[in-house]
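Worksheet: the structure to be examined is printed underneath.
Each value in this text was obtained by applying a stated rule to the coordinates, not by laboratory testing. Note that this is a predicted model, so its numbers are computed, not measured. Cβ sites come from the backbone with ideal geometry, for glycine too, and all protein chains shown count toward neighbours.
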């Protein structure tokens, strides 16, 4: 199965906006993220969702992060969520749930996973699952039905855990690994690595852009936020995944051209996104 090249400009045109619209027309992202000590991941994902065009973004996170969230990006609505019960109050509002950045693996994380997957399945709400959400997912598929519309964004290590195999086996045939994850979880898969693959059943796309400067903590959180923001704008899952990966990679390359690879940070991707959107 030979992967197709992503048609970046064609996908960008799908984001055109009518003049007589309002914020509700561009979706509501709920980012569930940021366990204690991992608030930065939550903030990056939330701001990336907003910067990629979502009409509204709500961040559900630990109470310890609320003040930092308001300072970092006041446009993002913040909700104090220290228990699964308090999370339930916010799960019927979004058009897309982004789960996982900075989630960690403890009782709080498991409550966030259980409640959000359960409600997303009931409401048919799309989900993007990233980071520790992926590491916890194999445990939860034994207990819960996954939503019909779901994007998983594993790096090689997370892909290996999703398939209960080794990183070496994933590397031997990344295309096959992406296809297996897609089938096992009935999901659109973004397999992140050099030349990222996007797969849904027999549909396989490849992104050949990006650079080694993007190998730094937080890049995946920004990507999951971008993809969620695109889904909020009513792109289908495979289009949102492909366009999100291309936007993310091209922005990384733009920073490299303007400056260098060594100093590239995830927040730089968010700040430079407008320049790449202008290419349409």
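Modelled this way, with points 7 Å down the Cα-to-C-beta line, the labels at residue 176 and residue 143 are 3.3 nm from one another. Expressed to the nearest 5 percent, the antiparallel share of DSSP beta bridges inside the chain is 25 percent. For the range 1-134, the Kirkwood radius over C-alpha pairs fed into Stokes-Einstein at 37 °C and 0.692 mPa s yields D = 211 µm² per second. Taking the DSSP bridge list for the range 124-280 and keeping only pairs wholly inside it, about 55 percent are antiparallel.
Note on the range 68-167: Cα-only Rg and Dmax are 13.9, 42 Å. Between 87, 243, 152, which gets the highest mean-square fluctuation from a Gaussian network model of the chain, Cα cutoff 10 Å? Of the options given, 87 has the highest mean-square fluctuation.
Taking 0.36 nm per residue of separation and subtracting the Cα-Cα distance, full extension of the segment from residue 7 to residue 263 would add 89.3 nm.
Potential lengthening of the chain between residue 63 and residue 217 amounts to 53.2 nm, from the contour at 0.36 nm per residue minus the alpha-carbon distance. Kirkwood analysis of the chain, using all unique Cα-Cα pairs, places the hydrodynamic radius at 18.4 Å.
Under a Gaussian network description of the chain, with springs only between Cα atoms under 10 Å, the residue in 81, 128, 31 that fluctuates furthest is 81. Peptides 256-265, 20-29 ordered by packing proxy, namely the average of other Cβ atoms within 10 Å per residue, highest first: 20-29, 256-265.
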